[in-house]
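*Asks:* If you scroll down you'll find the structure; I have some questions about it.
Derivation of every value follows stated rules applied to the coordinates shown; laboratory data play no part. Computed from a prediction, not measured in an experiment: that's the story for all the values here. Every residue, glycine among them, receives a Cβ derived from its backbone with ideal geometry; neighbour counts consider all protein chains shown.
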């Protein structure tokens, strides 16, 4: 590989690098069976700095108060790169 890239080639090389970096970011789905304790909440927050995340609560939380959309959850499980279940 030629590391002496100049001009337009350098710009194209940089753009290829940026595209590769974006692909590395994973989509992570966190599924919570119960309200997370402090350590779980910190881990989920930390993963949000590196990955695109979504959190689904299987318990009736006081914020949303809505029931789980099970068909949507199944779709999300297959759509995300990683699924982490917190029990």
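*Asks:* When the label point is put 7 Å from the Cα of residue 37 along its Cα-to-beta-carbon vector, which residues of the range 50-87 have a backbone N closer than 13 Å?
*Replies:* It comes to 87, nothing else.
*Asks:* Could you work out the relative contact order of the range 25-86? I mean the mean sequence separation of Cα pairs under 8 Å and 6+ apart, divided by the number of residues, in percent.
*Replies:* After rounding, I find 56 percent.
*Asks:* Here's a follow-up. Label points 7 Å out from Cα along the Cβ direction at residue 49 and residue 69: separation in nm?
*Replies:* Inter-label distance under the simple model: 3.1 nm.
*Asks:* A further question follows. Could you work out, for the range 25-86, what percent of all Cα-Cα pairs fall into each 10 Å distance bin, beginning at 0 Å and stopping at the bin that holds the largest distance?
*Replies:* 21, 54, 25, 0
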